[in-house]
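Notes follow the structure.
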Protein chains: 2
Amino acid sequence: MRTYKLTIAYDGSKYQGWQKQGNTSLTIQGMLESVVEKVVGYYVPVNGSGRTDRGVHAKGQTASIVLAGMIDTHEFMCNINEQLPSDIQILQVDLVKNGFHARLGAKGKCYEYWLDLREKPEVFTRKYTYHFPKKLQISEMKKAASFLVGEHDFKAFTDKKDEKSTIRCIYDIKIEEYGSKIKIEYKGNGFMYHMIRIITGTLLEVGDGRRKPEEVCTILESKKRGNAGFLVPARGLFLKEVYYE
Amino acid sequence: MRTYKLTIAYDGSKYQGWQKQGNTSLTIQGMLESVVEKVVGYYVPVNGSGRTDRGVHAKGQTASIVLAGMIDTHEFMCNINEQLPSDIQILQVDLVKNGFHARLGAKGKCYEYWLDLREKPEVFTRKYTYHFPKKLQISEMKKAASFLVGEHDFKAFTDKKDEKSTIRCIYDIKIEEYGSKIKIEYKGNGFMYHMIRIITGTLLEVGDGRRKPEEVCTILESKKRGNAGFLVPARGLFLKEVYYE
């Protein structure tokens, strides 16, 4: 038995998300498992580092698989990629220690959220940005973001009701301008359901003047989802990297 | 009567090209004319700077229209853009001198051709690059390109049979690497049917070692299409800019 780590990119536009849900919905995990089974000849669970929601993209999702024996990783990757549709792609296959698990072993993650501020969204990136045609006060957004960095109870910033602990640590939030586009990069030890999209919506409400940066602190303290900002759409969100030791 | 110049971007993936062809095919010109008619209330021909073929994209196509009277250009642009599908977009509307014609007045054009050299094409740009997974000798391609710059008879580099004159002037060909992608930028006073795509195919055959750079000169002299390289697909081609005085 050998364990392998897969690094995967996908355009989530037409998928119901990462997680397999029966046989009828189109999911990234479901697609990968069916292709891996075709290539190796037996069913292999593909365990992702975490779910990505419907419509969310990935530039570096990870997953672990356990195979019956040794494989040539490059040949395996090529065989899998040949069978995959053009919107899913294995970027790397690494032999890892037995016992490695992409989700349980993950120490942190990096996500990107992309915004297009133009009057009409740029034609060639329209499927990968959220169109928000407003003037934004970036410095105010950066200030608000700084209050979120560190270990906090992010209960107000998730739509998950039954999370055991809602305490997470955000290592860094970087806001960068690229012409009329903005990238917000989040690094942290873990992110809950909708957490990045709610934080992004809240930062946008600060950026367009609806809220003061300091409100973010009261939202955190309140632990009430209703006090946080709106949920931005999935199309602008990319899982960029998963960190391991 | 007032004449306006439109600058237009489009994702050509699902269109039969710029030029209207009856009422049943999906074309950029047809789409624009139907939306302009809806907005101004009467039929207005939208005269492009030139045709782009099926599947070719544009970051800066131009067209001229003649309207019955003065309009607020910004309001007009917004009204048109609201009606257009998300893969076509007016970037700018300028009032120009009466008599201006986007095709007849054009002094030159700039095109970009994008290649993806990775084993499998990058997921998020797969519709806008030509996947050519080979090692390329860029310096050899640059040398071959240098023989094409200047005024030449490009008869060997077009699929158009009935062109009156096949003499054109290429001002510049720039080959630039962006990670695993390559952009070839062409500037010239005009390009014939398939000319850029045949030149690109020929440069690729130089890059992968099938031809020597000097062969380009014999191809030019031969004036035979059969001697030139293969036709690369439309998906990597963008009309970037049209020059006027």
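Values in this text are rule-based calculations from the coordinates and carry no lab data. Remember, predicted model here, so these are calculated numbers, not experimental data. Here the Cβ positions follow ideal geometry from the backbone for every residue, glycine too, while neighbour counts run over all protein chains shown.
The residue list B:H152, B:N98, B:G188 was ranked by how far each Cα lies along the charge dipole of the range B:36-189 toward its positive end, using unit charges on Cβ atoms, and B:H152 comes out on top. Applying both filters, DSSP loop and at most 16 other Cβ atoms within 10 Å, to the trypsin sites (Lys or Arg not before Pro) of the range A:170-234 gives A:R210, A:K223, A:K224. Could you work out the local net charge near B:S180, counting Lys and Arg as +1, Asp and Glu as -1, over the other residues with Cβ closer than 10 Å to its Cβ? Taking every Cβ under 10 Å from that of B:S180, the sum is -2. Applied to the range B:221-226, the Karplus parametrisation 6.51 cos²θ - 1.76 cosθ + 1.60 on θ = phi - 60° returns per-residue 3J(HN,Hα) values of 4, 5, 6, 10, 3, x Hz, with x for Gly and Pro. The Cβ shell under 10 Å around A:H57 holds other residues with a net charge of +1, Lys and Arg each +1, Asp and Glu each -1. Using the Stokes-Einstein relation with a Kirkwood hydrodynamic radius computed over Cα pairs, the translational diffusion coefficient of the range B:47-133 at 37 °C and a viscosity of 0.692 mPa s comes to 208 µm²/s.
Our compactness index for the range A:1-156, the C-alpha radius of gyration over the empirical 2.2 N^0.38 Å, is 1.24.
The convex hull built on the alpha-carbon positions of the range A:87-149 has an orientation-averaged projected area of 7.4 nm².
What you get for chain A, charging only the Cβ of Lys and Arg (+1) and of Asp and Glu (-1), is a dipole of about 620 debye around the Cα centre.
Across the range B:203-245, Cα-Cα distances exceeding 17 Å account for 50% of all pairs. Rounded to the nearest 20, the size of the Cβ-charge dipole of the protein assembly as shown about its Cα centre is 320 debye, with Lys and Arg at +1 and Asp and Glu at -1.
Shortest first, B:Y244 label-point distances to identical copies amount to 5.8 nm, with the label point at 7 Å from Cα along Cα→Cβ. Peptide B:57-63 has a mean of 1 when you count, residue by residue, the C-beta atoms of other protein chains within 10 Å of its C-beta.
Dividing the Cα radius of gyration of the protein assembly as shown by 2.2 N^0.38 Å, with N the residue count, gives 1.13. For the range B:1-149, the relative contact order is 28 percent, taking Cα pairs closer than 8 Å that sit 6 or more residues apart in sequence and dividing their mean separation by the residue count. With Cα atoms as the point set, the range A:125-217 shows a radius of gyration and Dmax of 13.4, 41 Å. Using the Cα coordinates of the range A:86-245, the gyration tensor eigenvalues translate into equivalent-ellipsoid semi-axes of 27, 22, 13 Å, sorted from longest to shortest.
Among A:150-158, A:232-240, sorting by the average number of other beta carbon atoms lying within 10 angstrom of each residue, highest first, gives A:232-240, A:150-158.
How big is the charge dipole of the range A:198-242 about its Cα centre, in debye rounded to the nearest 20, if each Lys and Arg gets +1 on its Cβ and each Asp and Glu gets -1 on its Cβ?
Magnitude of the dipole: close to 160 debye.
Simple rule: put +1 on each Lys or Arg Cβ and -1 on each Asp or Glu Cβ in chain A, find the dipole, and look at A:L220, A:V66, A:N81; the Cα lying farthest toward the positive end is A:L220.
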